[in-house]
Structure formats: structure tokens, C-alpha cells
1. From TYR25, TYR50, TYR15, grab the single residue that is in contact with a Lys or Arg (Cβ under 6 Å, 6 or more places away or on another chain) and within 20 Å of VAL136 (Cβ to Cβ).
2. Please go through the range 137-159 and pick out each residue that is touching a Lys or Arg at 6+ places or on another chain (Cβ under 9 Å) and either of a type in the set (Phe, Trp, Tyr) or not in a helix (DSSP H, G or I) (or both).
3. Can you run down the residue pairs with Cβ atoms below 9 Å, 6 or more apart or on separate chains, where the first is in the range 15-29 and touching a residue at least 12 places away in the same chain (Cβ under 8 Å) and over 22 Å from LYS98 (Cα atoms) and the partner is open to solvent by 90 Å² or more (accessible area, probe 1.4 Å) and hydrophobic (A, V, I, L, M, F, W, C)?
4. Would you call LEU32 at pLDDT 95 or above, closer than 24 Å to CYS84 by Cα and touching a helix residue (DSSP H, G or I) at 6+ places or on another chain (Cβ under 6 Å)?
5. Residue check, TYR60 against (1) within 16 Å of ASP132 (Cα to Cα); (2) assigned to a helix (DSSP H, G or I); (3) open to solvent by 20 Å² or more (accessible area, probe 1.4 Å); (4) free of Cβ contacts under 8 Å to residues at least 60 places away in the same chain, all met but one. Which one?
6. Scan the range 148-155 and give yes if some residue there is open to solvent by less than 40 Å² (accessible area, probe 1.4 Å) and either over 22 Å from GLY65 (Cβ atoms) or in contact (Cβ under 8 Å) with a residue 40 or more places away in the chain (or both), otherwise no.
Amino acid sequence: MELKDMNNEKEMLFYLKKYCQDLKYENSLKALSYAYDKHYGQFRKDGHPYIIHPLFVAIYGIMMGFDNDIQIAVSLLHDVPEDCNTDLDDLDVNPSIKKSANLLNWKTFKMQYASKEEALQQYYHVLSQDMDATFVKLRDRFHNLSTMVHAFSREKMLDYTKETKTYYDNLYQQASHFHEVKNNLALQHALWLLRNDIFTLVSTYEGILSPEINLKKQRIIA
């Protein structure tokens, strides 16, 4: 089945449900229903239904080869703990899925540390120890970067770009050392492409938003 529109909620839902049914991905089917219910009525800052974001992260993973039942389920659930105030206890899926999805809850780290910088350091360190959380976080960041121009203020975009530049190359390096990646050339290539996509966006935003970079360009042209 061909998916034509990665911003069409109904088309994405139909595509992913059929994909998981065909492969008998029971955890992902449960996660899809649960995430849809929990995110129902929520909208992204760009005005799209919120469920489009986890659907994108899951489908983008399938297209890149991160297409097992665990990865798809974690993708679908990755924002539920943080945005829907639930730890997934009432969801009957593989415990490793709940563990990875709960690790992605930034709020739990934000509340534990006095400074945002310390919280971020611990957040990304913990994520980097969990393969499924790491893979999902990389795709999550790519989608957020690619859509933030429609939702964030200039200051928020600068902050988000800076955070990405600070932590995501290391997250990629950690991901490339997981046993499952080291023994799979297709996954190695997919991860490299994902890193390239992320940092292409970072460079683009830096060029557009950073006063220092814009000033240097003006001096070169002059």
C-alpha cells in the first residue's frame, strides 16, 4: 500500500493499522488504539491533530527499516506519558515498550534537577542507554525540527536548534554502537541518513536565525 500524504490523519491511520495487522504486530495495534485515544482532542502548535506526530515517527521508522513491533509501539506511545499524564500502567503491551516510552518523558527529568542543563544532560544520557528510546528520539527530533517553523517563536527555534546541536550527534554516535546496528548495514545507513537530515535542518535554521552567522555572511558579501 502506498502512503501519499504524511499529514493526512485518516490515511496515516489506515496505512499503519493495515501494516501492523498484516505483520501481526499486536503490541503496535494496542499502542495505536491507546495513543489515538489519549491524544484525541489534542493539537500541535501548527494546528494539526496531535496524533499525526506519533504516526509520522512510526511510519518514518518503517520507511527507514526500524520496522519491528517494539519500535513502532514505542514510536506511537513516545509522547503519551509526558503529554497525557500517564505511565502506561493500564496498557497491556510488552514491558520493554512501557520502559522505553516512559524514558522519553522529559518532565520527569526536568522536575528532578535544579538546572535545565543538568536535566538535559541526564535525560540524553539515560536515553542513550536504551536502543528503542534512542531510535525514536532521533526521529522525533527530525519531525519537530522540520515542522517547528510553523509553531515556535524565533527564540524557541534558536533554543531548540542549540539543544539539537549539543546533544544529538552524541546520541547518534551512541546509537551506532548498539549491537543490533553494528551487525546491520541497512540500519547503519538509515541512522546516518537520519543524522544527516537532522543536522541539515540545524544548519539551515542557524543560517536563518542566528544574528552572528548572518552578520558574518554580510561581512563576507561586503
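The values are calculated or read from the model by the stated rules, or taken from the named source; none is laboratory data. Every value quoted in this text rests on a predicted model; they were computed, and no experiment measured them. As a convention, Cβ positions derive from the backbone with ideal geometry for all residues, glycine included, and neighbour counts pool all protein chains shown. SASA here: full protein model, heavy atoms, side chains in, ligands and nucleic acids out. Shrake-Rupley method; radii C 1.70, N 1.55, O 1.52, S 1.80 Å.
1. Step by step, each of TYR25, TYR50, TYR15 is checked, and only TYR50 is in contact with a Lys or Arg (Cβ under 6 Å, 6 or more places away or on another chain) and within 20 Å of VAL136 (Cβ to Cβ).
2. Once the filter is applied, which keeps residues that are touching a Lys or Arg at 6+ places or on another chain (Cβ under 9 Å) and either of a type in the set (Phe, Trp, Tyr) or not in a helix (DSSP H, G or I) (or both), the range 137-159 yields ALA151, PHE152.
3. TYR15/MET1; LYS18/MET1
4. yes
5. Failed condition: (4).
6. Within the range 148-155, one or more residues are open to solvent by less than 40 Å² (accessible area, probe 1.4 Å) and either over 22 Å from GLY65 (Cβ atoms) or in contact (Cβ under 8 Å) with a residue 40 or more places away in the chain (or both).
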